[in-house]
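Input: a single structure, listed below in structure tokens.
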Amino acid sequence: MFDFKSLVSSLLSKNTPASGVAQSATLLVRDLPQAEYFTALVEIIKAVSKINADNEMSLKERIKTLLYVDDKAAGIHHQLCQDYLHSRGGSKGYLPTILAYWHELASAYQICLRLHRGSSNQAGDAELQLVTTRGLHHQMRLLAWNALRYLKPEGNAWQQGFRFYTYAEDAGFARSPILLYPDAKQEISCEHLLVQAGMLHLAQTENMLHKEIVAVDQLLMLICQNIPLDKQPPAEMPVFVYNLSLPEPPQPMLRGMAGKWHRYWSSYEITTRLADLMFDLDARIPSQIAALDCELEREEWSVLCEKLAVRWSSDGGKSLRKSERSLHSSSAQVSIGFDRVAFHIKVQDVGGLEADRIDEWRINDISSTGMGLTFIGKTIDQLAIGRLILVKTETHPLLLGIIRRILRQNNGTKVGIEILGQTPVGVSLQDPSQPDSAPFSAIYITQPNSRKGQRWFLMPKTLLDDDKQLVLSAQGKSYQIKLKDPQQEFEDCSHSNFDTLSKMD
């Protein structure tokens, strides 16, 4: 294994001449096996933290060292991000290190700008622009990855970004695009970064799938280019606004939103570009979108773009509920995930639903089609958009639903669910082509118990196939059935309608 600690320490040593920084940083990743990337980045983060704590390092040396280290570490960091997003083996523990990289470097670049303001000019304009743009980029990446984790960011996360942007405005380069890294494919400006982050927030990502959030994030880098951020509201609607004096995300412009700290932009051009992409998506995936390497098919892109067009509309695109909810406060017992839910229903072990967490789930509101809950315990790994959830309360029958919205906050995790129906029944499925295999568990909600007036038949994804014949067993009786439309896939199971062909002896 490489001795990363010694190498990074050598890189940051005061005895190392500034001319040697580039050479040492290059050695850091030269011929580095990909398996060692994580260890290398951990040591790099520690080194940057050491720089941040060093009050004696000159501004010129600080900027030069940070830029070189960032240059050489960016590729390693990007690879770890890709591994994590694609759930590659061993990547689950990468998240704290991925976030720490952006956090430490954003803090380091903020220190550089603070030192520059309080001293004579010791750095070139080009270097200061790169420091500012990279700092804003790293801070906005932290906000984007909050969205990926359905986590509501603290206000100072936006405030840190605003500090970089106001510095860029004062220095006159907020709109000047540059290459963030030597191998970058697209020039970017501070204005572009702030508009992109704002539009991502306004996309209401709390009820999107992970792959949809990644797709929106990347799509916005394309369609937010050259969108002006002005001190006066533009004429074209819709208009959104930042208040740079407050640690808050952007919002649709309302009457009275004016002042020297307000920055406005119109999403008219963004939605026009989106409309052009939607037109192309009727026939094919446009080359710009295909180049993003996202995990969406053409139909999924079309649905996502339509969703964004609504949410970025003139009224702010607020995602509306299907029916009005009434306030309701009580505790609940909850089970998450198809396999766990199917087991509890089948063995009728309703009392075993997370019995140790009975005080950690609270119902906030409920309607005929949905429910809002709050989880106030530690993070639950099983929480995911599109995943099955079973809820038991003292005042309602056993409810089965799909998780549609997640928002993690300091006072608990808000979970919004769509109710499929009540009193689900556990059934068994056997594939006649595999008579020796163990039966599969499935869940059935009859039409009278369904909230949509249709029966729900939920099963493992592996069984979903048009015209597939299965043997359904429930309550001591067996039937031969054939799957048919409508069919629908959720995150951890599938739904299919079916015809009953015959009763079996």
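The values are calculated or read from the model by the stated rules, or taken from the named source; none is laboratory data. Note that the structure is predicted; figures quoted are calculated from it, not measured. Positions of Cβ are backbone-derived with ideal geometry, glycine not excepted, and every protein chain shown enters the neighbour counts. Heads up: the accessible areas ignore ligands, DNA and RNA and are worked out on the full protein's heavy atoms, side chains in. Shrake-Rupley method; radii C 1.70, N 1.55, O 1.52, S 1.80 Å.
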Legend entry - Pairwise label distance in nanometres, Q79 with A53, each label 7 Å out on the Cα-Cβ vector: 2.9
Inset, instruction - Using only Cα atoms, locate the centre of region 142-208 and the centre of region 219-256, then give the distance between them in Å, rounded to an integer. - result: 13
Inset, instruction - Would you kindly calculate the mean projected area, averaged across all directions, of the convex hull enclosing the Cα atoms of region 366-505, in square nanometres? - result: 9.8
Legend entry - Point-charge dipole on Cβ atoms (K/R +1, D/E -1) for the chain, about Cα centre, debye to 20: 1120
Legend entry - Hydrodynamic radius (Kirkwood) for region 192-300, which is based on Cα pairs only, to one decimal in Å: 15.0
Inset, instruction - Could you work out how far apart the two model spin labels at H86 and E299 are, taking each label as a point 7 Å from the Cα in the direction of the beta carbon, and quote it in nm? - result: 2.5
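Per residue, how big is the convex hull of region 403-444 when only Cα atoms are used? Give it in Å³. Could the numbers behind the result be given before it?
Details: hull volume 5.4 nm³, N = 42.
Normalising the Cα hull of region 403-444 by residue number yields 128 Å³.
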Legend entry - Förster-model FRET efficiency, 35 Å R0, S119 and Q218, C-beta, rounded to 0.05: 0.35
Inset, instruction - Taking just the C-alpha trace of region 59-160, give me its Rg and Dmax in Å. - result: 15.0, 50
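Taking a quarter of the surface of the convex hull around the Cα atoms of region 136-189, what do you get in nm²?
On the way: hull surface 17.2 nm².
Orientation-averaged projected area of the Cα hull: 4.3 nm².
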Inset, instruction - Report the FRET efficiency, 1/(1 + (r/R0)^6), for E489 and Q232, where r is their Cβ-Cβ distance and R0 is 51 Å, rounded to 0.05. - result: 0.60
Legend entry - C-alpha center-to-center spacing [region 361-387, region 432-501] in angstrom: 26
Legend entry - Cα-Cα over 19 Å, subset of K414/K461; K46/K72; K468/K503; K152/K231: K414/K461; K152/K231
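Expressed in whole Å with the largest first, what are the equivalent ellipsoid semi-axes of the chain derived from the C-alpha gyration tensor as the square root of 5 times each eigenvalue? Intermediate values should be presented prior to the final figure.
Numbers: eigenvalues 466, 149, 96 Å².
The three semi-axes for the chain are 48, 27, 22 Å.
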Inset, instruction - Measure off, as a whole percent, the carbon and sulfur share of the 1.4 Å-probe accessible area of the chain, all protein chains present. - result: 49
Inset, instruction - Using per-residue counts of other Cβ atoms within 10 Å, averaged over each peptide, order 397-407, 245-255, 414-424 from highest down. - result: 414-424, 397-407, 245-255
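Over the chain, what is the relative contact order in whole percent, taking alpha-carbon pairs under 8 Å and six or more residues apart? All intermediate terms of the calculation are to be shown ahead of the outcome.
Values: 840 pairs, mean separation 39.5, N = 505.
With pairs under 8 Å counted, the relative contact order is 8 percent.
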Inset, instruction - Show me 425-431, 470-476 ranked by packing, highest mean number of other Cβ atoms within 10 Å first. - result: 425-431, 470-476
Legend entry - Relative counts (whole %) of C-alpha pair distances in region 104-258, using bins that are 5 Å wide: 2, 9, 18, 22, 21, 16, 9, 4, 1, 0
Inset, instruction - For H396, H116, H192, give the ranking by accessible area with the largest first, probe 1.4 Å. - result: H396, H116, H192
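At 1.4 Å probe size, with every protein chain present, just tell me what the per residue accessible area of the chain comes to in Å².
Working: 24370 Å² over 505 residues.
Counting only protein heavy atoms, the per-residue value for the chain is 48 Å².
Within the chain, which DSSP H helices have Cα atoms that stretch 27 Å or more along the helix axis and a mean Kyte-Doolittle hydropathy of at least -0.5? Walk me through the intermediate numbers first.
Numbers: long enough: 59-85 (36 Å, -0.33); 95-117 (34 Å, 0.30); 125-148 (34 Å, -0.05).
Qualifying helices, which must be both long enough and hydrophobic enough, are 59-85, 95-117, 125-148.
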Inset, instruction - Take every Cα-Cα pair in region 438-505 and report what % of them are more than 20 Å apart. - result: 25
Legend entry - Pairs of Cα atoms farther than 15 Å apart, region 167-222, %: 56
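Would you please calculate the Kirkwood hydrodynamic radius of region 48-117 over all C-alpha pairs and express it in Å, rounded to one decimal?
Numbers: mean 1/r = 0.0758 Å⁻¹.
Evaluated on region 48-117, it is 13.2 Å.
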Inset, instruction - Take region 220-266, drop everything but the C-alpha atoms, weight them equally and run the Debye formula without solvent; then report log10 I(q)/I(0) at 0.21, 0.27, 0.32 Å⁻¹ to two decimals. - result: -0.71, -1.07, -1.30
Legend entry - Estimated Rh, region 248-298: Kirkwood, alpha-carbon pairs, angstrom: 14.0
